[in-house]
1. Given the criterion open to solvent by less than 60 Å² (accessible area, probe 1.4 Å) and among the charged types (D, E, K, R), identify the matching residue among Asp64, Asp139.
2. Please note which helices (runs of 4 or more DSSP H) are completely contained in the stretch 73-159 and include at least 2 residues that are among the small types (Gly, Ala, Ser) and free of Cβ contacts under 8 Å to residues at least 24 places away in the same chain.
3. Pick from Leu125, Leu84, Leu115: which is farther than 30 Å from Arg66 by Cβ and among the hydrophobic types (A, V, I, L, M, F, W, C)?
4. Select from the stretch 30-78 the residues that are basic (Lys, Arg) and modelled with pLDDT of 80 or more and write down the one among them that is farthest from Ala153 (Cα to Cα).
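The values are calculated or read from the model by the stated rules, or taken from the named source; none is laboratory data. Everything quoted here is computed from the prediction, not taken from an experiment. In this analysis, Cβ positions are derived from the backbone assuming ideal geometry, glycine residues included, and neighbour counts consider all displayed protein chains. For accessibility, only protein heavy atoms count, side chains too; no ligands or nucleic acids. Shrake-Rupley method; radii C 1.70, N 1.55, O 1.52, S 1.80 Å.
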Amino acid sequence: MSYDPPHPSYHSPRPFYDTSPPSYDRPRPPYDRPHLTYPWQPAPPPPPGPDRRPPREPVGHHSDLRVLRSAYRWQRRTATLTALGYFTLFLVLSATAPGVMTRTVADGIPAGLLLALIQLPVTWLAIALYEHTARRHVDPLADRIRKQAELAARRGAAR
């Protein structure tokens, strides 16, 4: 087998390697941008600029929310333990002290029936206690935090 040179009609427009001297004036490909795999792929968003706002102390404090949570927790526990505590006492007396529950109190009414009927006013007392502690302790804290948040929102919208 012999070597055949390329046909004389075939002429390469340029050599497969660049013989020209390097030109520092021509634009270079953007190596800092990632290569897009598909032509319809959107370009990545530009990096965010520096934050030019001056640092400011936030209006609300975490301690305010902590105080509000503890006040609300105390309110729930007090009202719940009032209602459930009385109901549990009634159940324990019914199971362990049948002599006390069957004893007549007034005009033939057994103590068990009287304690069962008192359960409804105790539930009302728990609801009233819940509302009282809400109005006196929890609501003022929540109103103060809400006003601070509205003030901070207005300050943020004014920018």
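1. Values: Asp139 fails: open to solvent by less than 60 Å² (accessible area, probe 1.4 Å).
The conditions single out Asp64.
2. Values: elements: 98-102, 111-133, 139-157.
Counting at least 2 such residues, we get 111-133, 139-157.
3. Details: Leu125 fails: farther than 30 Å from Arg66 by Cβ; Leu84 fails: farther than 30 Å from Arg66 by Cβ.
Just one listed residue meets the conditions, Leu115.
4. Our first condition is that a residue be basic (Lys, Arg); within the stretch 30-78, this holds for 33, 52-53, 56, 66, 69, 73, 76-77.
Those still in the list that are modelled with pLDDT of 80 or more too: 66, 69, 73, 76-77.
Numbers: Arg66: 21, Arg69: 22, Arg73: 28, Arg76: 30, Arg77: 33 Å.
The selected residue is Arg77.
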